[in-house]
Amino acid sequence: MVIVGAGEAGTRAAFALRERGYTGPVSLIGAERHLPYERPPLSKDAMALAGAGMKAIADAGRFEQAGIRLVLSAAAISIDRAAREVKLESGVSLGYEKLLLATGARPRRLAMAENSRRCVYLRTHDDAEVIRAHLRPGARIAVIGGGFIGLELAAAARMLGCAVTVIETEKRLLTRAVPAEIAAVLHEAHAKSGVDLRCGAAVTAIVDHGDGVSIALADGASIDADACIVGIGAIPNTDLAERAGLAVENGVRVDERMATSDPHIFAAGDCCSFPLGVYAGRRVRLEAWRNAQDQGNLAARNMLGRQENFAAIPWFWSDQFDLSLQIAGLVDEGVETVRREAGEGAFILFHLAADGRLVAASGIGQGNAVARDIRLAEMLIAKKARPPRDKLAAADTKLKALLAA
Amino acid sequence: MPEWIVACAVDDVDEEDVIRFDHHGRTFAIYRSPEDEFFATDGLCTHEKVHLADGLVMDDIIECPKHNGRFNYKTGAARGAPVCVNLQTYPVKVEAGKVMIEIGGVHG
């Protein structure tokens, strides 16, 4: 078994192969020089807290114990599907019975920023180190993109004492996956902490000068910064799959079992698009930690001959300042929203389809105030439940009771 | 030297639920199982130090509110990724409507 990509999905798959009793060789190929590590902290605690360090998914001993061969600092450059071999840049070829592509995604680059040496992107631990070095107290930090990466880094930069400006093209923050009511809570938290938020602002030019970078906006404003973090989305790494002639559709196209158009090749995590059974097979691509784990697990089982379908509900979280947001399901599947208060300013929005079915739930509050209810909502979504609106809205109705109903 | 301390009243915890209990700078999670038995573990997940009392209890499993790490709260056993380190458990007894836990020694 060969796995290309040693992020969350690939690493999870490697261990899952062993947990499922596979005793043959397992090779895990990683592009970075580091042992596989967790990415979520890169924009959260590890950025905001001094010396938080890297959080390895597993230490070297566990890979050795599990008999997983780690091939680090290595790039897979081609797949010979007929011979079932993956060729590495080093010239080495690895034969496979089944191959998993867990190649992840890379930051979308901003053309205007290509000539700037003060514009930085976040994907890897090494990227995070570069950004961290800029976040000195008093440093002026511009953030282009009011999505999760941009906002989490903006919050971290503020907590480290930087002067932060966030520039977002859309009229509000987090337009892609977050309801306006929740985005508004985050907007307020950032504004209150002193982040200068510019929504509906288009960048027209980015120019480095002696000791900084100037970002010109369409309204005539100019923002001077010591460094500019660009967080405008991610692009799936599909080059290897495309060169091998695999079907690609907003990511490596897989079926509900995570198999690509070649039955010997599977894909999982940020790099693939897949059909979501719970939404009538709607094809999506997710950039989320738990999705990477779930798909890595499932791909491993199916690589060993199981025929299991992907059934997980999309779920993700974000931490900014003392607030934590969690969303289960896809919010845009809903046409109606029911709000439930969760105490101390925390609240949950239940998103219902036209037929009353619960299709998503989003919540925000301090710490883990909404975590348990979002988890229960996720189970209700999986059950395709149609909970009564008044019960969803009533804070004293336990969601667990609705699940049993 | 065993030290039994009162953690909460029996009625403070619903069936198949969990609450947080802090004592002298330590934090614990007190569980009531669907079978109406009480259990106690360390309060923080072994993965990223998140309070388990904000998590969801299902049968004999506590699920971490942050990353869905799962433990059997009766035995402390980690139940798969992302958690791989077991949770410390503590002896529990119920006396006169009070839930008491023993935190003097270390128990597996």
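The values are calculated or read from the model by the stated rules, or taken from the named source; none is laboratory data. Bear in mind that the values here come from a model prediction, so they are computed numbers and not experimental data. Every residue, glycine as well, gets a Cβ built from its backbone with ideal geometry; the counts of neighbours run over all protein chains shown.
Residue check: B:Lys49 meets all listed conditions (1) surrounded by 15 or more Cβ atoms within 10 Å (Cβ to Cβ); (2) free of Cβ contacts under 8 Å to residues at least 24 places away in the same chain; (3) within 11 Å of another protein chain (Cβ to nearest Cβ); (4) closer than 23 Å to A:Tyr37 by Cα but one, namely (1). Being farther than 20 Å from A:Ala56 by Cα and over 12 Å from the mean Cα position of the chain (by Cα) is the requirement here; does B:Asp54 meet it? No: the conditions fail for B:Asp54.
Checked against (1) more than 14 Å from chain B (Cβ to nearest Cβ); (2) without any contact (Cβ under 8 Å) to a residue 60 or more places away in the chain; (3) within 26 Å of the chain's Cα centre (by Cα), A:Glu64 passes all but condition (3).
When the residues of region A:328-362 are filtered to those that are among the basic types (Lys, Arg) and assigned to a strand (DSSP E or B), the one that is farthest from B:Asp54 (Cα to Cα) is A:Arg339. Which residue is farthest from the other protein chains (Cβ to nearest Cβ), if the candidates are limited to region A:368-386 and must be closer than 14 Å to A:Leu352 by Cα and small (Gly, Ala, Ser)? Looking at residues that are closer than 14 Å to A:Leu352 by Cα and small (Gly, Ala, Ser), I get A:Ala385. Checking each residue in region B:1-17 for being outside any loop (DSSP other than H, G, I, E, B) and closer than 11 Å to B:Ile101 by Cβ picks out B:Trp4, B:Ile5, B:Val6, B:Ala7, B:Cys8.
The set of residues from region B:55-68 being of a type outside the set (Lys, Arg), at the interface with chain A (Cβ under 7 Å from one of its Cβ atoms) and either in contact (Cβ under 8 Å) with a residue 12 or more places away in the chain or farther than 20 Å from B:Phe21 by Cβ (or both) comprises B:Gly55, B:Pro65, B:Asn68.
For region B:69-83, the tally of residues that are within 9 Å of chain A (Cβ to nearest Cβ) and either surrounded by fewer than 24 Cβ atoms within 10 Å (Cβ to Cβ) or charged (D, E, K, R) (or both) stands at 2.
In region B:18-41, the count of residues that are touching a residue at least 40 places away in the same chain (Cβ under 8 Å), part of a loop (DSSP other than H, G, I, E, B) and under 30 Å from A:Arg62 (Cα atoms) is zero.
For region B:90-105, state whether one or more residues are part of a loop (DSSP other than H, G, I, E, B), away from chain A (no Cβ under 11 Å) and under 26 Å from A:Leu17 (Cα atoms).
Checked region B:90-105: no residue is part of a loop (DSSP other than H, G, I, E, B), away from chain A (no Cβ under 11 Å) and under 26 Å from A:Leu17 (Cα atoms).
Suppose the filter is touching an Asp or Glu at 6+ places or on another chain (Cβ under 8 Å), away from chain B (no Cβ under 14 Å), of a type in the set (D, E, K, R) and touching a residue at least 24 places away in the same chain (Cβ under 8 Å); does A:Arg301 pass it? No, not satisfied. Residues that are surrounded by 21 or more Cβ atoms within 10 Å (Cβ to Cβ), more than 14 Å from chain B (Cβ to nearest Cβ) and in a strand (DSSP E or B): does region A:313-322 have at least one? Yes, region A:313-322 has at least one match. Only one of the listed residues (A:Ala183, A:Ala154, A:Ala177) is surrounded by 16 or more Cβ atoms within 10 Å (Cβ to Cβ), assigned to a helix (DSSP H, G or I) and in contact with a helix residue (DSSP H, G or I) (Cβ under 9 Å, 6 or more places away or on another chain). That residue is A:Ala154. For region A:372-405, name all the residues that are of a type in the set (A, V, I, L, M, F, W, C), at pLDDT below 95 and in a helix (DSSP H, G or I). Passing the criteria: A:Leu399, A:Ala401, A:Leu402, A:Leu403, A:Ala404.
Across region A:1-47, the qualifying residues are those that are within 14 Å of another protein chain (Cβ to nearest Cβ) and assigned to a loop (DSSP other than H, G, I, E, B), and the one among them that is nearest to A:Glu152 (Cα to Cα) is A:Lys44. Quick test for you: out of A:Arg375, A:Arg339, pick the one residue that is more than 19 Å from A:Trp289 (Cα to Cα) and either assigned by TED's automatic domain parsing to the domain that holds A:Ala48 or not β-branched (Val, Ile, Thr) (or both). When all the criteria are applied, what remains is A:Arg339.
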